[in-house]
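Trainee: One structure is given below, represented as C-alpha cells, and several questions about it will come after.
The values are calculated or read from the model by the stated rules, or taken from the named source; none is laboratory data. As the structure is a computational prediction, the values presented were derived from the model and not from experiment. We place every Cβ from the backbone using ideal geometry, glycine too, and count neighbours over all the protein chains shown. What goes into the accessible areas is simple: the full protein's heavy atoms, side chains included, and nothing from ligands, DNA or RNA. Shrake-Rupley method; radii C 1.70, N 1.55, O 1.52, S 1.80 Å.
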Amino acid sequence: MDLLENIKESIIGMDREKVVELTRKALDEGIKPEKLLYEALTPGMDIVGEQYEKNIKFIPEMLMSAEALRDAMELLGPILTKSELSKTGKVIMGTVEGDIHDIGQQIVSMMLEGAGFEVYNLGVDVPTDKFVEKAKQEKADIVGMSAFLSTTGLRFPDVIQSLQEAGIREQVKVMIGGAAASGKYAETIGADGYGSNASAAVRLAKSFMSKQ
Ligand code: B12
C-alpha cells in the first residue's frame, strides 16, 4: 500500500499513533502538506463520515478518527500557509448562547479544517453579538451555529437578525446544525442551510463557496 493510502486507512482505522507517524514520514519524504490533506487525510475522514451516516460507525469511533485527523493537522498546520487555507473559505463556528453541547460542532470544525477551511471556533454558550462581531472582524464567508436544546434553537434567528442589523447578512452564508436544528427550521428562519452531520456540513460549506 502506498503511503497516502496507508494514512487514509489509518484515519479510517482510528489509529492516532500511526497517522502521526506516517504523516511525519510523508513530510520527511517531501510530500506536500496539501497533497496529504486532500489525498489522504480528508478522503479518510470523508469515508468515516459516510460510514457514520450508514450506521457502520458510531460517535466514539468518529471522534477517534477526528482526533487522529486533528493530530495530523497539528503537524501540517504550521507548514500550510494561511493563504493556502483561506482559499477554501472562512467559517465562524460556535454553539449558541445557553447551550454547552459541543461534541458535534467540534467534529464539524475539524472536518471543515480538514477540507481546507479556516475555522474560528468560538466554543460554547456564544452570545449572539459575538458571532456577528467575529464574522465582521474576520470578513467570514460562513457562520455555522450549533444548538441541541429546544430553547437554545431559538437563538439561531436572533443571530441571523443581528447579522442583518450589522449590514453583513448578504456577505455571509448561515448554516445550522445540532439536535435543535432541521432543514425545515433552517428554511423557516431564513438560514442558508442545515447539516445533519459533519459530512453534510462540509458539503454544504463547499457548495456555498462554489456559488460565490
Ligand atoms: C452528550 C449530551 C450532553 C452532554 C454534552 C457534552 C458536550 N461536551 O457536548 C451533557 C451531559 C453536558 C449534556 C447536558 C445537557 N443536556 Co444533553 N445531550 C447529549 C446527547 C446525549 C448527545 C449530544 C451529542 O453530543 N451527540 C454527539 C454528536 C456528535 O452527534 P450529532 O448531534 O449527530 O452531531 C452532528 C450533527 O448534529 C451535526 N452538527 C452539529 N453541530 C453542527 C453545526 C453546523 C453548522 C452543522 C452544519 C452541523 C452540525 O454534525 C455533527 C457531527 O456529525 C443528546 C441526545 C441527542 N440525541 O442529541 C442530549 C440532549 C441534546 N441533551 C438534552 C438535555 C435536556 C440536556 C440538559 C438540559 C440536561 C440537564 N437537565 O442538565 C443539559 C443542557 C446543558 C446546556 N445548557 O447545554 C436533551 C435536549 C432536549 C430538548 N429538546 O431540549 C437531549 C436531546 C437528550 C434528550 N433526549 O432529552 N448533554
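Trainee: If I filter the stretch 172-181 down to residues being within 17 Å of VAL108 (Cα to Cα) and in contact with a strand residue (DSSP E or B) (Cβ under 6 Å, 6 or more places away or on another chain), which single residue comes out as most open to solvent (accessible area, probe 1.4 Å)?
Mentor: Only one residue fits best here, namely LYS173.
Trainee: Shifting gears a bit: Kindly list the number of the only condition in (1) farther than 15 Å from SER109 by Cα; (2) touching a Lys or Arg at 6+ places or on another chain (Cβ under 7 Å); (3) open to solvent by 30 Å² or more (accessible area, probe 1.4 Å) that fails for TYR52.
Mentor: (2)
Trainee: Among residues belonging to the stretch 27-41 that are open to solvent by 90 Å² or more (accessible area, probe 1.4 Å) and part of a loop (DSSP other than H, G, I, E, B), point out the one that is nearest to ASP71 (Cα to Cα).
Mentor: LYS32
Trainee: Can you confirm whether the stretch 187-196 contains a residue that is without any contact (Cβ under 8 Å) to a residue 24 or more places away in the chain and of a type in the set (A, V, I, L, M, F, W, C)?
Mentor: Among the residues of the stretch 187-196, not one is without any contact (Cβ under 8 Å) to a residue 24 or more places away in the chain and of a type in the set (A, V, I, L, M, F, W, C), which makes the answer no.
Trainee: In addition: Taking SER207 as the residue in question, decide whether it is surrounded by fewer than 16 Cβ atoms within 10 Å (Cβ to Cβ), within 13 Å of the ligand (Cβ to nearest atom) and closer than 30 Å to GLU74 by Cβ.
Mentor: The answer is yes for SER207.
Trainee: Here's another thing I want to ask about it. Which residue pairs have Cβ atoms closer than 7 Å, lie 6 or more positions apart in sequence or on different chains, and pair a first residue in the stretch 128-156 that is free of Cβ contacts under 8 Å to residues at least 60 places away in the same chain with a second residue that is within 7 Å of the ligand (Cβ to nearest atom) and part of a helix (DSSP H, G or I)?
Mentor: So the pair list comes out as SER146/GLY104; SER146/GLN105.
Trainee: Filter the stretch 145-198 down to the residues that are away from the ligand (no atom under 14 Å from the Cβ), touching a helix residue (DSSP H, G or I) at 6+ places or on another chain (Cβ under 6 Å) and over 21 Å from SER210 (Cα atoms) and list them by number.
Mentor: Matches in the stretch 145-198: PRO157, ASP158, SER162, LEU163, ALA166.
Trainee: Do we find that GLU74 is in contact with a helix residue (DSSP H, G or I) (Cβ under 9 Å, 6 or more places away or on another chain) and charged (D, E, K, R) in this structure?
Mentor: In short, yes.
Trainee: Still on this model: Looking at the stretch 63-76, can you tell me whether even one residue there is within 12 Å of the ligand (Cβ to nearest atom), modelled with pLDDT under 95 and assigned to a loop (DSSP other than H, G, I, E, B)?
Mentor: No, the stretch 63-76 has no match at all.
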